[in-house]
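Peer 1: Sharing a structure, written as structure tokens. Questions coming.
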Amino acid sequence: MLKDSRLDLFRILLALLFAGSMWFYVQKVLIPYQEADAAAQGRPRGNLSDLYPRWLGARELLLHHRDPYSPEITREIQSGYYGRPLDPNRADDPKDQQGFAYPVHVVFLLAPTIGLPFPVVQSGFRWLLVILTLVSVPLWLRVLRWRPSKTVTAILVILTFGSFAVVQGIKLQQLSLVVSAMIAASAAALVAGHLAIAGFLLALATIKPQLALPVAAWLVLWAMSDWRQRGRFVWSLGLTMAVLLAASEFLLPGWMGRFREAVSAYRQYTGGAGSLLEVLATPTLGKGLAYLTLIALAITGWFVRRAPNNSAAFSTMLALVLAVTLVIVPTFAPYNQVLLLPAVFLITASWKTLWSGSRLTRAACAVGMVFILWPWLASCGLMLGSPFVPAVAVQRAWAAPLYTSLAIPLAVLGLLTLCASDTLRASAADGHLR
């Protein structure tokens, strides 16, 4: 018993070391490097809050009836975000224009804050992200029907809070963390049988449609396979979306066209960034791989569409859809990797089974774990070496913890596929027999 207690304490301390080192890396290495580099290149730095463009757009639309997608609002956003409007004649100015590239209904979530000074909103939102992130862990554990020990739960919370995805999301004040928490809450409501609440929450998560629509598509298919029992979810999702879209159109007629233009402009001035597969492979090959991945996901979803909401197959499919989303959608920012939480938890819960597999499976597990753990290992090295190395030298290694950033979603998806295949295959066979 004493030996087990010491082992649990060691594991918690190691998790705290990993989490603390990541916060040290961002605060003491990455940010100072970015500040020094910006000063050397003459690049402006303002509040650098990803919330600010959305907040200012919401304030101007609701209080002054101004178009948040307009060039005038974009320049005002730049004055706060960067400290001054961007100058196209300056080669070193940032390319990201920081326009209001969100659906209009994001303003309804931000409406309670538009009368407050932004520094107050910024501080409150930072704490909201912390709370939502911490709450997401037990929500996903409930969805996965995994009841780990208190020690393991504490480790999962600590490592989640100390992951680069979460640290970056909190520092940048990214709405992806809000969307992720909404999806987790929606999934938990589904598992508990509260289908109307689940549909409402998922509709709110569409403020980031590229992250919410894939899982919404799967859940609509799942609900339509047993309309009598699950139709409430579709009605709730559809009615909430209808209200949000109608209210958005009332506030800003024709906003959908302006939103599409804003998204198109965003992709142009960020270099036309595609999906993760397009970045890692060529654009043509990446698109082909993305289509094949999507087709495989759709086929899998079709065969397990009858899975009960409280089954392992249902929660596994949710984790798989979210993991695939990060691979195929045209964005690969690390903060979006918070959507990998259910997949990572499933892999962790199935680790003993995975490791007892074939040599090839164990090799895949080892490679995947290196990719996943590398950011913490590298940040630990920087933190532990910082007392003995000049700060400038430490900052030169700012990219080290990010070396595997692009590979992490693929590693998680690969490991999830290994540990989920039996569960999904059994559910598909059961559904076929019905």
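Peer 1: Give the share of C-alpha pairs in each 10 angstrom bin for the stretch 185-278, from 0 to the last occupied bin, in whole percents, shortest bins first.
Peer 2: 15, 38, 27, 18, 2
Peer 1: Given springs between every Cα pair under 10 Å in a Gaussian network model of the chain, which of ASN89, ASN309, ASN47 has the largest fluctuation?
Peer 2: Evaluated over the chain, the most mobile residue of the options is ASN89.
Peer 1: So how do LYS150, LYS208, LYS28 line up by other beta-carbon neighbours within 10 Å, fewest first?
Peer 2: Fewest to most other Cβ atoms nearby, the residues stand as LYS150, LYS28, LYS208.
Peer 1: Here's something else I'd like to know. Quick test of the membrane-span-like rule: which DSSP H helices of the chain reach at least 18 Å along their long axis (C-alpha atoms) with mean Kyte hydropathy at least 1.0?
Peer 2: 118-144, 176-191, 209-224, 283-303, 312-328, 359-385, 407-433
Peer 1: Quick check: from the Cα gyration tensor, does the stretch 83-164 come out rounded (a/c under 1.5), prolate or oblate?
Peer 2: prolate
Peer 1: Please compute, for the alpha-carbon atoms of the stretch 326-414, the extent along each of the three principal axes and give them in descending order in Å.
Peer 2: 45, 33, 19
Peer 1: Work out the P(r) tail for the stretch 160-238: percent of alpha carbon pairs separated by more than 15 Å, whole number.
Peer 2: Summing the P(r) of the stretch 160-238 above 15 Å gives 55 percent of all pairs.
Peer 1: Still on this structure, please answer the following. What's the Cα-based Rg to Rh of the stretch 282-384, Rh via Kirkwood?
Peer 2: Rounded to two decimals, Rg over Rh is 1.01.
Peer 1: Enumerate lysine pairs in the chain that are 8 or more residues apart or on different chains, then count those whose Cα atoms are under 28 Å apart.
Peer 2: So the count of such lysine pairs works out to 10.
Peer 1: Quick one: grab the alpha carbon gyration tensor of the stretch 56-123, order the square roots of its eigenvalues as a ≥ b ≥ c, and give me rounded if a/c is under 1.5, else prolate or oblate depending on whether a/b is larger than b/c.
Peer 2: prolate
Peer 1: Which peptide among 106-115, 155-164 comes first, and what is the full order, when sorted by highest mean count of other Cβ atoms within 10 Å?
Peer 2: The densest-packed peptide leads the list: 155-164, 106-115.
Peer 1: Got a sec? How would TRP218, TRP23 order by Cβ neighbour count within 10 Å, fewest to most?
Peer 2: TRP23, TRP218
Peer 1: Further question: What does the stretch 1-101 give for Rg and for Dmax, in Å, if only its C-alpha atoms count?
Peer 2: Cα radius of gyration and Dmax of the stretch 1-101 are 21.1, 68 Å respectively.
Peer 1: Using a Debye calculation, one point per C-alpha and no hydration shell, please list log10 I(q)/I(0) for the stretch 255-332 at q = 0.18 Å⁻¹ in order.
Peer 2: -0.82
Peer 1: What order do you get for SER49, SER70, SER5 when you list them from fewest to most C-beta neighbours inside 10 Å?
Peer 2: With the fewest neighbours first, SER49, SER70, SER5 line up as SER5, SER70, SER49.
Peer 1: If I take the Cα coordinates of the chain and project them onto the principal axes, what are the three extents in Å, biggest first?
Peer 2: Over the chain, Cα extents along the principal axes are 62, 61, 45 Å.
Peer 1: Going by a ≥ b ≥ c, the root eigenvalues of the Cα gyration tensor, does the stretch 291-341 fall in the rounded group (a/c under 1.5), the prolate group (a/b larger than b/c) or the oblate group?
Peer 2: Because a/c hits 1.5 or more and a/b fails to exceed b/c, the stretch 291-341 counts as oblate.
Values quoted throughout were computed directly from the atomic coordinates according to the rules given, and no laboratory measurement underlies them. Computed from a predicted model, the values in this text were never measured in an experiment. Here the Cβ is made from the backbone with ideal geometry for all residues, glycine too, and neighbour counts use every protein chain on show.
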